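What follows is one structure encoded as C-alpha cells, with my remarks underneath.
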Amino acid sequence: MLNKIKNFASLYRQLGFRWSAFRLTYAFRLRTGLIRLQTPQYKWSDRPLSTWLKKDIPIESYVQWRKNNSPKFFDSVGARSSRPTWNIQPVIDEANKILSGEIKYFSHQFHQTAFPPNWHKDYVTLSQSPERSEGAGEESLPLSSEILRFAQNDKHRHWSQISDDSNTDIKFIWEPNRFAFVYTLVRAYKATQDEKYAQAFWSLIEDWAINNPPNTGANWKDGQEIALRLMAWTFGYYAFIHSPLTTPQRIADFTTFVAAQAERIYKNIDYAISTKSNHTISEGFGLWLVGLLFPELKESEKYFSLGKKILEDEIKQIFPDGSYSMYSLNYHRFILHIYLYAIRLGEINHFPLSTNIKQSVTNSIDYLYQLIDPNTGQIPFYGSNDGALVLPLNNCDFTDFRPLLQLGSYITKGEKIFDSGDWDEDIFWLCGDSVGRVVASNHEQRIETKKKEERGKKTSFPNGGVYILKNTNSKAIIHCRDFKSRPSHADQMHVDLWIGNQNIAIDAGTYLYSGERIWRNGLAHTSVHNTVTVDNKDQMNMVSRFTWTNWSKGKVLQHKDNFWQGEHDSYKPVLHKRTVMSLEGDRWLVLDELKANESHDFALHWLLNDFPYEQKLNSILLSLESMKYKMQLGVLNGKADLSIIRADENSTRGWRSRYYGHKEPAISVKLESNQTNVTFWTFFGLEKDEFEITENTFKLNKLITDY
C-alpha cells in the first residue's frame with residue numbers, strides 16, 4: 001500500500017492534478033458501468049443509415065447525393081488513369097496472399113489466418129504454440145485459458161469490460177483489425193485493375209461488421225485502433241468507388257459503419273486526450289477525417305471542429321528541436337504520417353492546417369535526417385516500438401525511414417531529400433503521379449547537395465535529449481534527458497554506435513508489451529541498454545507496462561565536435577557521469593565514472609549487433625563485411641568480471657527486436673565490479689589497435705590525449 005501511495009504521489013507531481021483527477025474518475029466510470037451506459041451495445045439494424053444523416057440528405061437517393069457531393073480525395077487513389085512506374089510484382093504477390101488467407105503482421109511476418117479471418121482470434125500465439133501438432137484443426141488444439149477467453153467470451157462483451165493487460169497480447173488480435181492490408185489491395189488494384197481486389201475489400205469489411213456489432217468486443221476497445229481502421233477503410237473506399245462491385249447498398253452500409261465508429265471515438269475522446277500521446281493525435285485525426293469526408297452525417301461539423309482543434313493543440317507533442325515527446329522513433333513516424341496525411345487532405349479540400357503544424361513537421365523531418373543512415377534508411381529504434389506503420393504504401397522494409405522523410409520533405413518543402421527509389425511511392429499516392437519524374441539539372445543537383453550538407457550539421461537536440469558525435473565514417477547517438485513527458489524506456493546515457501552503414505552498438509527495441517514474465521515489456525528496462533546499472537536496478541521505477549515514476553534527470557556538461565559529457569541522477573546518491581570521445585579514424589572511447597559513499601554492484605552493459613565475433617581476454621573482435629572491428633573494455637582500478645551472452649533463453653540478455661512480436665539474437669557484453677567508486681572504459685577501434693589507459697591519460701599507438 002505504501003508503494004502504491006508513493007507511486008501515485010510521483011505521478012501526481014509529474015503529470016499534474018487534472019490528469020490524476022481524470023484517471024480516478026475514469027476508473028470509477030469503468031467499475032460502475034457508466035461507460036457502458038454512455039456507449040451502449042446495439043445491433044447494426046437498430047440504427048440504420050437514416051438515423052445518422054442530416055435531415056436535408058435524401059435517404060432514397062443518398063448514393064447519388066454522395067457521388068455528387070463527395071469531398072475530394074487524393075487523385076492517384078481514385079483516378080483509373082494513374083499508373084505506378086516502379087516494381088509492382090511484390091505488392092501483387094502480397095495482395096494474392098491476403099486473398100488466400102495470409103496476413104502480414106506488423107509489416108514484417110505473414111501468418112496463416114483465413115479469408116476472411118476470425119477477427120477475434122490471436123493467430124500469432126496459436127501458430128507458436130508448442131502443443132500444436134502439424135495438421136491439427138482449431139478444435140483439437142489445446143488452448144490456454146487466456147486464448148479461450150479472448151476467442152469465446154470477449155467478442156460478446158462490452159468493450160469496456162475487456163482488459164488489454166494480460167499475458168495474451170491484445171495487439172495480436174488488433175493487428176488484422178487495423179486493415180493495413182487495404183493499402184496492399186489498393187496498390188495491387190491500381191497496378192492491375194483486377195476486380196478481385198475490390199471484391200476482397202468489400203467482403204472483408206462486410207464480414208468485419210457482421211462479427212463486430214457496435215461497442216462489442218476487443219475491436220471497439222481502443223479509439224486509436226478505430227481511427228487507423230477508418231483511415232484504411234476510407235482509402236480503400238475512394239480507390240474502389242468506380243468498381244462495379246461498389247454497389248449502392250455497400251456505399252450506404254459503409255457510411256453507417258463509419259458513423260458508428262466515429263461516434264465511439266467521440267464519446268470517449270477525453271480518455272485519449274488525457275494520455276497526451278499518439279493516441280490523442282490519432283483519435284483527433286479520426287474525428288477530423290470523418291467530419292471532412294462525410295459532411296452528410298449529423299455530427300460531422302462537431303467531429304471536424306474537435307478533430308481539428310486536437311490536431312492543432314497536440315502538435316506541441318513535437319518539441320521545438322523536432323524531437324518527439326514520447327521519446328520513441330516509431331511513434332514519431334506514426335504521428336508524422338498522420339499529420340502529413342492530414343496536411344495533404346486538408347489542402348485538397350481547402351481546409352488547410354496551420355503553418356505551425358507544417359513547421360513542426362518540417363523540424364521533425366530535419367531531426368530524423370540527422371539520425372538516419374541515408375544508404376539503408378535504417379535508424380536507431382530507441383523507445384517503444386509497437387510495429388505500427390500508418391502508411392504502408394511502398395515496397396520498403398518496416399525499418400526503412402526513407403519513405404517517411406521523402407514524403408515529409410516533399411510536402412513541407414516541395415523537394416526530395418533523397419534520390420529517387422522505392423521510397424518515392426508515398427509521394428505518388430498523396431501528391432500525384434507526375435511528381436519527381438523530371439531529371440534535375442546539374443545546377444539544381446549542386447543546390448540540392450548543398451542543402452543536404454546544411455541539413456547534416458545539427459548535432460544537438462536538447463528538448464528530446466539526443467546528441468550526436470561524428471567521426472570520419474562513423475557516428476555515436478547519445479541519450480541524456482531531462483524528461484518533460486512520460487518516459488518510454490529507462491535508457492539514460494544509452495549510446496548507439498554506427499560504423500558506415502552498420503549499427504555496431506544497438507538498441508534492443510521492444511518485442512512485446514504483454515508477454516509472459518520477463519517479456520512483459522522487458523526490453524524497456526535499463527539492463528538491456530548500453531549504459532550502466534547500479535545494484536541491478538532500473539534508472540526509474542516501472543509501475544506498469546507503460547508507466548515509470550521517479551523520472552530521472554539528465555544533464556549535459558559538455559558537447560563539442562568530438563567530445564560529449566553528461567550525467568544523471570537516477571541512482572542518487574550515486575552519480576553517473578559518462579564521457580564519449582571521437583578519436584582519430586573511426587575510433588571511440590567511452591568512460592563511465594560512478595561515485596558513491598559505499599560499495600555497490602556496478603554493471604556496464606553493451607548490446608552489439610549479431611556479427612561473428614571472437615573473444616580475446618578483455619576484448620571482442622567483430623567481423624564486419626569488409627573489416628574487423630575491436631571492442632575493448634575494463635576498469636581503471638580494482639577488479640571486474642566480464643561476461644558475454646548471445647540469445648539467452650532464460651533472460652532478456654542477448655536479444656534485440658526490430659519488429660513487434662519478433663526477436664533475434666544479439667551479443668550482450670557485461671562488465672561487473674563491486675566497489676565504492678569505479679571508472680569503466682570502453683574502446684572501439686581497429687583490429688590491430690593497441691589501447692592503454694591510466695587515470696589521467698590514454699594511449700592509442702602513438703596518440704596520447706588528456707581527458
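The values are calculated or read from the model by the stated rules, or taken from the named source; none is laboratory data. What you see is a predicted model, and the numbers here were worked out from it, not measured in a lab. Neighbour counts are summed over all protein chains in view; Cβ atoms, including those assigned to glycine, are modelled from backbone coordinates with ideal geometry.
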Check Tyr339 against each of (1) in contact (Cβ under 8 Å) with a residue 60 or more places away in the chain; (2) in contact with a helix residue (DSSP H, G or I) (Cβ under 7 Å, 6 or more places away or on another chain); (3) crowded, with 23+ Cβ neighbours inside 10 Å; (4) aromatic (Phe, Trp, Tyr) and name the one condition it does not meet.
-> (1)
Please verify whether segment 578-587 includes one or more residues that are on the phi > 0 side of the Ramachandran plot and part of a loop (DSSP other than H, G, I, E, B).
-> yes
Just need a number here: residues in segment 51-83 that are under 18 Å from Thr247 (Cα atoms) and not in a loop (DSSP other than H, G, I, E, B).
-> 9
Take the residues in segment 602-619 that are among the aliphatic types (A, V, I, L, M), at pLDDT 95 or above and out of contact with any His (no Cβ under 8 Å at 6 or more places or on another chain), then tell me which one is surrounded by the fewest Cβ atoms within 10 Å (Cβ to Cβ).
-> Ala603
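Okay, residues lined up against (1) crowded, with 24+ Cβ neighbours inside 10 Å; (2) among the small types (Gly, Ala, Ser); (3) within 26 Å of the chain's Cα centre (by Cα); (4) modelled with pLDDT under 95:
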| residue | (1), (2), (3), (4) |
| --- | --- |
| Gln193 | no, no, no, yes |
| Gln199 | no, no, no, no |
| Ala209 | no, yes, no, no |
| Gly236 | yes, yes, yes, no |
| Asp253 | no, no, no, no |
| Ala260 | no, yes, no, no |
| Ser274 | no, yes, yes, yes |
| Asn278 | yes, no, yes, no |
Scan segment 273-298 residue by residue and report those that are under 19 Å from Arg23 (Cα atoms) and either in contact with a Cys (Cβ under 6 Å, 6 or more places away or on another chain) or outside any helix (DSSP H, G or I) (or both).
-> Lys276, Ser277
Would you list the strands (runs of 3 or more DSSP E) that sit entirely within segment 497-559 and hold 2 or more residues that are more than 23 Å from the chain's Cα centre (by Cα) and farther than 28 Å from Tyr105 by Cα?
-> 532-534, 554-559
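So which of Tyr12, Tyr42, Tyr62, Tyr26 is surrounded by 12 or more Cβ atoms within 10 Å (Cβ to Cβ), under 30 Å from Ser163 (Cα atoms), modelled with pLDDT of 90 or more and not small (Gly, Ala, Ser)?
Result: Tyr42 is the single residue among Tyr12, Tyr42, Tyr62, Tyr26 that is surrounded by 12 or more Cβ atoms within 10 Å (Cβ to Cβ), under 30 Å from Ser163 (Cα atoms), modelled with pLDDT of 90 or more and not small (Gly, Ala, Ser).
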Output the residues belonging to segment 500-554 that are closer than 30 Å to Thr472 by Cβ and hydroxyl-bearing (Ser, Thr, Tyr).
-> Thr531
Name every residue in segment 610-636 that is over 25 Å from Asn677 (Cβ atoms), more than 30 Å from the chain's Cα centre (by Cα) and part of a loop (DSSP other than H, G, I, E, B), in order of residue number.
-> Ser626, Met627
Listed by range, helices (runs of 4 or more DSSP H) wholly within segment 311-428 having at least 2 residues that are closer than 24 Å to Arg486 by Cα are 329-348, 355-371
So which residues in segment 139-176 are modelled with pLDDT of 85 or more, charged (D, E, K, R) and not in a helix (DSSP H, G or I), if there are any at all?
-> Arg157, Asp169
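Considering only segment 307-323, state which residues are buried (at least 19 other Cβ atoms within 10 Å of the Cβ) and not basic (Lys, Arg).
Gly307, Ile310, Leu311, Glu314, Ile315, Gln317, Ile318, Phe319, Gly322, Ser323
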Checklist (1) surrounded by 22 or more Cβ atoms within 10 Å (Cβ to Cβ); (2) touching a helix residue (DSSP H, G or I) at 6+ places or on another chain (Cβ under 9 Å); (3) under 21 Å from Gln370 (Cβ atoms) applied to Val528, failing item = (3)
Among the residues of segment 620-636, write down those that are basic (Lys, Arg) and either buried (at least 17 other Cβ atoms within 10 Å of the Cβ) or at pLDDT 95 or above (or both).
-> Lys630
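Filter segment 637-668 down to residues that are more than 21 Å from Thr510 (Cβ to Cβ) and surrounded by 15 or more Cβ atoms within 10 Å (Cβ to Cβ) and give me whichever is nearest to the chain's Cα centre (by Cα). Before the answer, list the steps.
Let us first name the residues in segment 637-668 that are more than 21 Å from Thr510 (Cβ to Cβ), namely 637-644.
Cutting the leftovers down to surrounded by 15 or more Cβ atoms within 10 Å (Cβ to Cβ) gives us 640, 642, 644.
Values: Ala640: 37, Leu642: 34, Ile644: 30 Å.
Only one residue tops the list, namely Ile644.
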Enumeration of residues in segment 336-386 that are within 17 Å of Ser107 (Cα to Cα) and in contact with a Ser or Thr (Cβ under 9 Å, 6 or more places away or on another chain) = Gly377, Gln378, Ile379, Phe381, Ser384, Asn385, Asp386
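Yes or no, residue by residue, for (1) closer than 24 Å to Tyr327 by Cβ; (2) assigned by TED's automatic domain parsing to the domain that holds Leu636; (3) buried (at least 18 other Cβ atoms within 10 Å of the Cβ):
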site: Asn541; (1), (2), (3): yes, yes, no
site: Ser552; (1), (2), (3): yes, yes, yes
site: Gln558; (1), (2), (3): yes, yes, no
site: Leu575; (1), (2), (3): yes, yes, no
site: Val590; (1), (2), (3): yes, yes, yes
site: His600; (1), (2), (3): no, yes, yes
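Taking into account only those residues within segment 342-355 that are farther than 30 Å from Tyr660 by Cβ and not polar (S, T, N, Q), which is surrounded by the fewest Cβ atoms within 10 Å (Cβ to Cβ)? Before you say what the answer is, go through the steps one by one.
Residues of segment 342-355 that are farther than 30 Å from Tyr660 by Cβ, as a first pass: 346-352, 354-355.
From what is left, the residues that are not polar (S, T, N, Q) are 346-348, 350-352.
Details: Gly346: 18, Glu347: 14, Ile348: 16, His350: 8, Phe351: 15, Pro352: 13.
Only one residue tops the list, namely His350.
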Out of segment 45-58, which residues are out of contact with any Pro (no Cβ under 9 Å at 6 or more places or on another chain) and surrounded by 14 or more Cβ atoms within 10 Å (Cβ to Cβ)?
-> Leu49, Trp52, Leu53, Ile57
